[in-house]
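Quick notes on the structure that follows.
No lab work stands behind these numbers, since they all come straight from the coordinates. If you're wondering where the values come from, they're calculated on a predicted model, not measured in any experiment. With ideal geometry, Cβ positions are generated from the backbone for all residues, glycine too; neighbour counts draw on all protein chains shown.
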Amino acid sequence: MSMLDSIRQTMRRDEVFPFMAPKVSELLDVSHGPILYLEDLNVSFDGFKAINDLNLYIDAGELRCIIGPNGAGKTTMMDIITGKTQPDSGQAWFGQTIDLLRMTEPEIATAGIGRKFQKPTVFEYHSVYENLELAMHGDKGVWHSLIAHMNGEQRALLDETLETIGLKEQAQQTAGALSHGQKQWLEIGMLLVQNPHLLLVDEPVAGMTHQEMDRTGELLTSLAGKHSVVVVEHDMDFVRSIANKVTVLHQGSVLAEGTMDEVQNNQRVIEVYLGE
Ligand SMILES: Nc1ncnc2c1ncn2[C@@H]1O[C@H](COP(=O)(O)OP(=O)(O)O)[C@@H](O)[C@H]1O
Ligand SMILES: [Mg+2]
């Protein structure tokens with residue numbers, strides 16, 4: 001019996017405490033289509049305009065790729081959405097009714113916006129399954145995760161997630177033993193068990209093999225529909241393989257938007273990339 005199981009046996013509970021249950025925002029209103037509205041955003045760092053009158057809309061269920069040269073403002077944009085950076089002016093709305101600029105980082109995460117950073121942050125000494133379990137209980141801490149008893153719904157979500165990220169066979173393996181690609185998928189799974197409406201993913205295929213890239217493409221496209229997904233990525237072949245709609249950022253604004261073919265044939269986009 002694992003330590004986790006023995007702690008559960010002695011502290012058995014039939015239900016999750018109400019405060020531990022994952023909160024899914026009931027306020028989220030996407031009846032008009034978009035799940036994310038960024039309007040007239042501006043951010044300056046010491047007088048340098050990192051975000052410059054940015055307007056961007058993401059539809060509910062959409063998979064959107066964001067590309068753009070280094071320094072275009074991609075990470076800063078994600079920082080605004082997740083509450084890490086406050087803009088100097090402009091608006092950021094999650095659906096029709098949730099004003100992101102009035103919320104803290106944890107509040108935004110709880111409302112249903114999950115962010116995957118480049119560097120995997122899995123718990124290396126825990127199994128894949130335990131990593132998902134710990135993530136499911138969010139920021140309540142390891143101790144709460146150990147004593148909280150998953151209800152049927154949570155167990156089902158965890159099993160479904162294992163399937164989605166393709167790590168069912170590795171469920172009992174320690175996360176530290178996974179390949180680089182598998183760790184990235186596990187981390188996406190750790191976001192999925194929190195039931196996010198919108199997922200922000202920064203450079204998901206950096207350092208991956210071609211096979212892992214293909215698998216990641218399938219994973220991300222399979223999430224669209226149920227979730228809205230925004231992917232920032234440099235690898236153009238990868239973007240081409242998954243993208244419906246691509247937004248090109250440059251100097252803190254949208255330079256072009258459309259299919260991969262449209263943006264790659266856009267004269268202004270060609271000039272920006274040639275000038276790099
Ligand atoms: N905290 C910060 N302080 C000062 N300058 C910053 C800060 N964050 C980003 N920048 C600058 O803002 C610009 C946009 O950065 P970033 O959003 O990281 O671009 P990208 O992710 O598209 O490469 C860059 O010129 C960067 O140096
Ligand atoms: Mg960046």
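Per DSSP H run of n ≥ 4, the term is -39500 (n - 2.57); total these for the chain, divide by its residue number, and report the mean residue ellipticity at 222 nm rounded to 500 deg cm²/dmol. Write out the running numbers ahead of the final one.
Details: 11 runs with 98 residues, N = 276.
That comes out to -10000 deg cm²/dmol.
State the dimensionless ratio Rg/Rh of the chain (Rg: radius of gyration of Cα atoms; Rh: Kirkwood radius). Mind dumping the intermediate values first?
Working: Rg = 19.6 Å, Rh = 19.8 Å.
Using Cα coordinates only, the ratio equals 0.99.
Which Cα, out of Val128, Thr97, Gln267, lies furthest along the positive dipole direction of the chain (beta carbon charges, K/R +1, D/E -1)?
Val128
Which one, Cys65, Trp185, Asn151, projects farthest toward the positive side of the charge dipole computed for the chain from Cβ point charges (K/R +1, D/E -1)?
Positive-end residue among those listed: Asn151.
Tell me which residues come under 5 Å, amide H to amide H, from Glu62 once H is placed; ignore anything under 5 positions away on its chain.
The list, which skips near neighbours in sequence, is Gly225, Val229.
Just going by the charge dipole of the chain, with Lys and Arg at +1 and Asp and Glu at -1 on Cβ, which of Ala206, Ile51, Thr174 is farthest out on the positive end?
The listed residue farthest towards the positive side: Thr174.
Tell me, what ³J(HN,Hα) does each residue in segment 178-195 have, in order and in whole Hz, if you take phi through Karplus 6.51 cos²θ - 1.76 cosθ + 1.60 with θ = phi - 60° and put x for Gly and Pro?
Each residue of segment 178-195 in turn: 6, 6, 4, x, 4, 5, 5, 5, 4, 5, 5, x, 5, 7, 4, 5, 8, 6 Hz.
Could I have the simple spin-label model distance between Asn42 and Gln172, label points 7 Å from Cα toward Cβ, reported in nm to one decimal?
Modelled inter-label distance: 6.0 nm.
Please turn the phi angles of segment 74-87 into ³J(HN,Hα) values with the Karplus equation 6.51 cos²θ - 1.76 cosθ + 1.60 (θ = phi - 60°), one per residue in order, whole Hz, x for glycine and proline.
Whole-Hz 3J(HN,Hα) from phi for segment 74-87: 5, 5, 4, 4, 5, 5, 5, 4, 8, x, 7, 10, 8, x.
To the nearest 20 debye, what charge dipole does the chain have about its Cα centre, counting +1 at the Cβ of each Lys and Arg and -1 at the Cβ of each Asp and Glu? Walk me through the numbers before you get to the answer.
Numbers: 21 positive and 39 negative charges, 108 e Å.
Here the size comes out at about 520 debye.
What net charge do the residues around Thr85 carry, taking every other residue with its C-beta under 12 Å from that of Thr85, with Lys and Arg at +1 and Asp and Glu at -1?
Values: positive: Lys84; negative: Asp79, Asp88, Glu105.
The answer is -2.
Only four residue types carry charge here, +1 at the Cβ of Lys and Arg and -1 at the Cβ of Asp and Glu. Report the dipole size of segment 153-276 about the Cα centre in Debye, rounded to the nearest 20.
Working: 8 positive and 19 negative charges, 46 e Å.
Magnitude of the dipole: close to 220 debye.
Using only alpha carbon pairs under 8 Å that are at least six residues apart, calculate the relative contact order of segment 205-266 and give it in whole percent. Spell out each step's value before the answer.
Numbers: 45 pairs, mean separation 13.8, N = 62.
It rounds to 22 percent for segment 205-266.
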